[in-house]
């Protein structure tokens, strides 16, 4: 099993858990949990594969991905009430999935020899799109739009890191792990210590 | 004309009518009606075809689909004011379109020999995605997220039914009709009698 | 460089500026600006290419598009506070981008010999989809849904104009320019003079 397949699998699992938690906040039934979990889990990778012309998309010939997301949704349905704070758990799961998905997106784009700019774009798009769809559909404020938090920025830095490390002639999977680590550390630091970039805030919108 | 083309045609027509009604609630002009109607009508099938790598998507080489959706939107523009309740009509049209689109999605996935899990996923995605886009764009609460209603669940049960009936060596079009019937009955029962699955409701979201 | 590539380039640049302004209204940081700008800039053309089966989509093999959108976002981040009214500027940039993108969409669809109905559909979809995604993600009321304004209508008229002019055996790039001009004039007239089509307004929604 290739490194990118493994990363896709991990991203699918963790994003599916976060999707289940979003479904619990919308008070859906168990099929609604599965729907939102699958949407979140495969959303980013599906966009990446469509954009790169990978045909068919990664989960269509391999039912395992959908089954894993379904299983994760069912587990969340029956256990989410045990959590102290579902929203906080959702954010941390999302941070983990973001990190893993950055690597998966970067890795796939590298494997089809995309130009560097596109590799980074795919890393960010794969990482951000699943969670964005989850939040738009569940009518939550998208995490990517929360002012004062690193989100797309963390994904961007992670994907760039993977690319730079790779140029040092390091094996691919180490470069991808480095990218995931940087993404997670920046996102976690933002959530715990309030790290942020200066936001545009000159005047109220009008 | 194949059974799946016929089903696609019926789903396009009925979803377009529901899209026109959503446009009437948003008080758009006639081109806005056509835009929302087309988005709703071909949204689910387009996603399905992109995911399965069917190239190009079903309506691009066959202008009839867009023309039918356009015609439906124009009819709704001039007749919607005659309706007793536009929202209620929208929900019933959506239920019909959901049922037909489940069959269309399931049938197309079967015709490209997708694995069983993917067949069901395509049935649900084809059925739910057009209405979801309609509701997100028109800023309505997505029907799929309404607590206490069967929606994705009805689509899931219908697609599964079609698959199970097919395994009994029944002709494809009968299996697809059975799937549509199950979807419609569950959705209609949910709207009329309040049928529902238990929703996640342990504690208020936080 | 072909006429459609030039139009795509112009649409990417102008849509990216409008995306940057939407990001400024959401008070994002600089990476958020780039994210929204890229989404807006390539959204419509990406949909068009996926629907037409153009593989890969126009910007994936040519990093320039993403770099231009990124540059535009950075410029907006540092200069948006100088604007008298960011929302008004956004609307005018969007009108320009709409006009250019109508031509780009129409031109690409013509170049793959799509039927006339599909050519017009692609013109409208290419033009409207980037701005629609920008507005849905940034939680603005989509410009396309503003009652009492020509938007999809302007795009539709522009695409149809290009097609009709082309049937007069006029060179393609003149036909495309005529389409862009009609789109811009209708949209601008709608913003300045309140031109509109009668909207559906018989009774309040229910």
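Any read-out appearing in this document is the output of simple, stated calculations on the displayed coordinates, not a laboratory observation. Every value quoted in this text rests on a predicted model; they were computed, and no experiment measured them. Note that each Cβ is placed from the backbone with ideal geometry, even for glycine, and that neighbours are counted across all protein chains shown.
Would you mind giving the three semi-axes, in whole Å and largest first, of the ellipsoid equivalent to segment C:130-206 according to its Cα gyration tensor?
Details: eigenvalues 159, 48, 24 Å².
Result for segment C:130-206: semi-axes of 28, 16, 11 Å.
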So what does the Cα-only Debye profile of segment B:95-149 read at q = 0.18, 0.22 Å⁻¹, as log10 I(q)/I(0), no solvent term? -0.61, -0.80
Run the simple label-point estimate for residue A:64 and residue C:75 please: 7 Å along Cα→C-beta, distance reported in nm. 4.8 nm
Expected sort for B:76-82, B:49-55, B:117-123 on mean C-beta neighbours within 10 Å, highest first, is B:117-123, B:49-55, B:76-82
Using alpha-carbon coordinates alone, the radius of gyration and Dmax of chain C in Å work out to 16.6, 52
Compactness of the protein assembly as shown, expressed as Rg and Dmax over alpha-carbon positions, Å: 23.2, 71
Inter-chain Cβ neighbour average for residues B:52-63, partner chain, 10 Å: 6
Can you list, shortest first in nanometers, how far residue C:196 lies from the same residue in the other copies, with each label 7 Å from Cα toward Cβ? 3.7, 3.7
GNM of chain C, Cα pairs under 10 angstrom: of C:11, C:23, C:127, the biggest fluctuation goes to C:23
With the label 7 angstrom out along Cα to Cβ, how close does residue A:174 come to the same site in each of the other copies, in nm, nearest first? 6.4, 6.4
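Considering the convex hull of the alpha carbon atoms of segment C:38-91, report its projected area averaged over all viewing directions, in nm², one decimal. Write out the running numbers ahead of the final one.
Details: hull surface 17.0 nm².
The Cα convex hull of segment C:38-91, projected and averaged over all directions, gives 4.2 nm².
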Ordered by packing density, taken as the mean number of other Cβ atoms within 10 Å over each peptide's residues, highest first, how do B:36-43, C:99-106, B:61-68 rank? C:99-106, B:36-43, B:61-68
Taking residue B:81 in one copy and the same position in all the others, each labelled 7 Å out along Cα→Cβ, what are the pairwise distances from the first, in nm, shortest first? 5.1, 5.1
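Let me have the 222 nm mean residue ellipticity of the protein assembly as shown computed from DSSP H runs of 4+ only, each contributing -39500 (n - 2.57), with the sum over all residues rounded to the nearest 500. Can you show the working numbers first?
Working: 21 runs with 444 residues, N = 618.
-25000 deg cm²/dmol, from helical runs alone.
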Consider all pairwise Cα distances in segment A:156-201 and report the whole-number % of them above 16 Å. 45 percent
What percent does the relative contact order of segment B:3-140 come to when contacts are Cα pairs within less than 8 Å and at least six residues apart? 37 percent
Mean-position separation - Cα centroids, segment A:1-79 and segment C:128-169, in angstrom: 33 Å
For segment A:34-126: Kirkwood Rh in Å [reciprocal of mean 1/r, alpha carbons]: 14.3 Å
Hey, in the GNM for chain A with a 10 angstrom Cα cutoff, which one of A:85, A:190, A:24 fluctuates hardest? A:85
Over segment C:1-77, with a single point scatterer placed on each C-alpha, what log10 of the ratio I(q)/I(0) does the Debye formula yield at q = 0.14, 0.15, 0.27 1/Å? -0.41, -0.47, -1.17
